[in-house]
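The values are calculated or read from the model by the stated rules, or taken from the named source; none is laboratory data. This one's a predicted model, so the numbers in the text were calculated from it and none came from an experiment. Note: ideal-geometry Cβ built from the backbone for every residue, glycine included; neighbour counts use all protein chains shown. Note: accessible area is taken over every heavy atom of the protein model, side chains too, but ligands, DNA and RNA are not part of it. Shrake-Rupley method; radii C 1.70, N 1.55, O 1.52, S 1.80 Å.
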Amino acid sequence: MSTAWFTKALLPWYREHYRPLPWRETRDPYRIWLSEVILQQTRVDQGLAYWERFVARYPTIMDLAAAPEGEILRLWQGLGYYSRARNLLSAAKQVVQDHGGHFPADHAALCSLKGVGDYTASAIASICFDLPEPVVDGNVYRVLARIFGNGTPIDSTAGRKEFRALAAQLLDPKHPGDHNQAVMELGATVCTPQKPLCGQCPLANKCIARKADRIAELPYKAGKTKTRTRHFNYLHIAVEDGIYLHKREGRDIWQGLWELPLIESDRPLGASAMAKRIALTIGPTAVITAKHGPVKHLLSHQVIFAVFWTCVLPKKARPPKGWVRVSWKKLDRHALPRVMECHFQEHRPESRGGRKPYLRPPIH
Ligand code: SF4
């Protein structure tokens, strides 16, 4: 199949209409990699400020590789998907230790960096090193599925293979970087999921979905990923000038971030059931004085129902291992998941006009 028409229509459109973003003004793999990692699952308008902060704080990959993980997580706060931030640090260390501080100009070697998959490796390889590697992200799936009227499920192994092969066939070997960015840009700004701007599309006269009125059904997905529902019971235990926190460990969401001490349950708990669970965790003398929530928090594959239980500990009580007293002044030095950030925006002394918030009578 001749595919020259694709890039012939697309490249001039891209060169005239692309959004001038700072990572498009450079071919520095470090800055481009940073933008790719930040922009996965994040809108450009939101990601831009993060990219600027990272570049300002860590101008080179050496600076990033030498940074403490807590500091990176803190800078990442609000973007979610914190494993990406941890991978950022691991990959930076790999580039410094194994490649002398230079990104390798090779797709397979790029894929061996922590957190770098086919998509990011292809973006870096094509944009920075002119290597003919096709990029396939959500925008590319949408554009290709619609233009070619391809209904193969994009969430199947066969679909992923088929679309990658199609993207490779279409790729302009003389301008792989611009070509890849052009397809992604078309998907991001014109061929949008809802109400695409077909009147402005440089490929409209070739688009099968438009001609056959199949835009709404493409790209096709076979099945939705299952969503897990979780119930988080947070213990808000204020001490004189601060609060108890603990750091999340293990292979779970928000690894390495700080949160209130947590009791997870498989269903919503009432006050008496919660009191029993607290007794098992910190002893029977803790008293619940208030409850706030549930607050619903959506992640990509999880729904969290967070309930905040305010408790009072007797002065001599010994908190469990892993709990750390953090003063209100130092709270902002800790990387927090979004659900905690929102909680503390409302429930810290200065946000309540200096009033002590949790001195209501016990609830049962
Ligand atoms: S014509 Fe419309 S549906 Fe087809 S690729 Fe262009 S914007 Fe997308």
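Table for the structure above
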quantity: Exposure of residue 228 as accessible area (Å², to 10), given a probe of 1.4 Å and all protein chains; calculated: 120 Å²
quantity: Cα-based helix-to-principal-axis angle, 4-17 vs the chain, degrees rounded to 10; calculated: 50 degrees
quantity: Segment residue 109-residue 27, extension gain: residue separation times 0.36 nm, minus the distance between their alpha carbons; calculated: 27.7 nm
quantity: Those lysines that a straight Cα-Cα span of less than 16 Å connects to residue 221, excepting residues fewer than 8 apart in one chain; calculated: 161
quantity: Entries of 114/291; 8/195; 276/296; 114/211; 247/316; 291/315 with Cα pairs more than 31 Å apart; calculated: 114/291; 114/211
quantity: Rg/Rg_globular for region 149-206, with Rg_globular taken as 2.2 N^0.38 Å and Rg from C-alpha atoms; calculated: 1.23
quantity: Cα extents of region 228-352 along the three principal axes, largest first (Å); calculated: 41, 34, 30
quantity: FRET E, pair residue 157, residue 41, Förster distance 22 Å, beta-carbon r, rounded to 0.05; calculated: 0.50
quantity: Calculated FRET efficiency for the pair residue 3/residue 265, C-beta based, R₀ 51 Å, to 0.05; calculated: 0.40
quantity: Sequence of 35, 272 when ordered by accessible area, the most exposed leading, probe 1.4 angstrom; calculated: 272, 35
quantity: Residue 310 long-range amide H proximity, modeled H, under 5 Å; calculated: 236, 289, 290, 291, 292
quantity: Rel. contact order, % - alpha carbon contacts under 8 angstrom, at least six apart, the chain; calculated: 15 percent
quantity: Segment residue 81-residue 327, length gained on full extension (0.36 nm per residue, minus Cα span); calculated: 85.9 nm
quantity: Cross-link reach list, aspartates and glutamates versus residue 329, counting only Cα pairs under 20 Å and skipping chain neighbours closer than eight places; calculated: 71, 240, 241, 259, 341, 346, 350
quantity: Inter-site label distance for residue 200 and residue 276 at 7 Å from Cα along Cβ, in nm; calculated: 6.0 nm
quantity: Residue 57 accessible area, assembled protein chains, probe 1.4 Å, Å²; calculated: 120 Å²
quantity: Proximal charge balance of residue 6 [Cβ under 9 Å; K/R count +1, D/E count -1]; calculated: +1
quantity: Exposure of residue 287 as accessible area (Å², to 10), given a probe of 1.4 Å and all protein chains; calculated: 60 Å²
quantity: As computed over the chain, the Cα convex hull volume per residue (Å³); calculated: 167 Å³
